[in-house]
Amino acid sequence: MSSQYLLSIGAIFGPSIIIDGELWRLVTAMFLHGGIEHIAMNMLSLWFVGRVMESWFDRVSYISIYFISGIAGGLISIYMHPTTVGIGASGAIFGIFGALSGMVIVHRRRMEEQFKAFMKEFGIILFLNLVIGVVFESVDLSAHIGGLIVGMIGGAMVAKSYKMIWIYISIMAISMILFYNYLYSYLVPIYTGLANLLF
């Protein structure tokens, strides 16, 4: 699939989001994939971690952390790759991994052996994804890491109390608005310079 086609159906693209204000792309890009292998890997990951997430978190927390991690991953991706067309739900999926690890870390003393087993498997998954990210240039590690950290914060907060999800949503909303404003001031001069070179 060409970048132009992906752009036409809702992919992430810095100039469109920052200059044209097409913020909806941060959500639509999470439902787009670059082929059967891409969507199969994401679905397999969700099948493994999603079932655990459903048993540990309530529906509001699950959905909120998923989408917030995906959107945050998209914004971080724009910062790292200002002119790249991006698709995929990896930031959101890594947010789920992060949420589970945040929950486990908070309850590590109660979980004991389960904690050790989880962290071992978690470490293996992270290592494999880092290797894949290094080997395949099309994989956006920045979105993965961003989603992971944002999800971990959410998981740790919800582990303290399910009511904390609303504080998490508020903090993340404010943080993403501030980060978007920073991206605007940082990237507009870059995009303007590129436009002047091209035209």
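The values are calculated or read from the model by the stated rules, or taken from the named source; none is laboratory data. This structure is a prediction, so every number in the text was calculated from the model and none was measured. Neighbour counts are summed over all protein chains in view; Cβ atoms, including those assigned to glycine, are modelled from backbone coordinates with ideal geometry.
The table for this structure:
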item	result
Those residues of the stretch 154-172 which are assigned to a helix (DSSP H, G or I), touching a residue at least 24 places away in the same chain (Cβ under 8 Å) and either touching a Leu at 6+ places or on another chain (Cβ under 9 Å) or farther than 14 Å from residue 67 by Cα (or both), in sequence order	155, 156, 157, 158, 159, 160
Subset of the stretch 28-44 (residues that are in contact with a helix residue (DSSP H, G or I) (Cβ under 7 Å, 6 or more places away or on another chain) and either touching a residue at least 60 places away in the same chain (Cβ under 8 Å) or part of a helix (DSSP H, G or I) (or both))	29, 30, 42
Whichever residue in the stretch 1-58 is aromatic (Phe, Trp, Tyr), surrounded by fewer than 17 Cβ atoms within 10 Å (Cβ to Cβ) and at pLDDT 90 or above and, among such residues, is farthest from residue 155 (Cα to Cα)	24
Those residues of the stretch 176-185 which are free of Cβ contacts under 8 Å to residues at least 12 places away in the same chain and either farther than 15 Å from residue 69 by Cα or surrounded by 12 or more Cβ atoms within 10 Å (Cβ to Cβ) (or both), in sequence order	178, 181, 182, 185
Residue within the stretch 105-113 that is assigned to a loop (DSSP other than H, G, I, E, B), at positive phi and among the acidic types (Asp, Glu) present	yes
Selection count, the stretch 4-43, where residues are among the polar types (S, T, N, Q) and in contact with a Lys or Arg (Cβ under 7 Å, 6 or more places away or on another chain)	1
Number of the condition not met by residue 156 [criteria: (1) under 14 Å from the mean Cα position of the chain (by Cα); (2) modelled with pLDDT of 90 or more]	(1)
Count of the stretch 69-84 residues which are part of a helix (DSSP H, G or I), farther than 10 Å from residue 142 by Cβ and among the β-branched types (Val, Ile, Thr)	1
Output for the stretch 3-24, where each listed residue is without any contact (Cβ under 8 Å) to a residue 24 or more places away in the chain, more than 14 Å from residue 82 (Cα to Cα) and assigned to a helix (DSSP H, G or I)	4, 5, 8
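The rows are residues; the columns are (1) in contact with a Lys or Arg (Cβ under 9 Å, 6 or more places away or on another chain); (2) touching a residue at least 40 places away in the same chain (Cβ under 8 Å); (3) over 16 Å from residue 171 (Cβ atoms).
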| position | (1), (2), (3) |
| --- | --- |
| 61 | no, yes, no |
| 68 | no, yes, no |
| 73 | no, yes, yes |
| 87 | no, yes, yes |
| 99 | no, yes, no |
| 110 | no, no, yes |
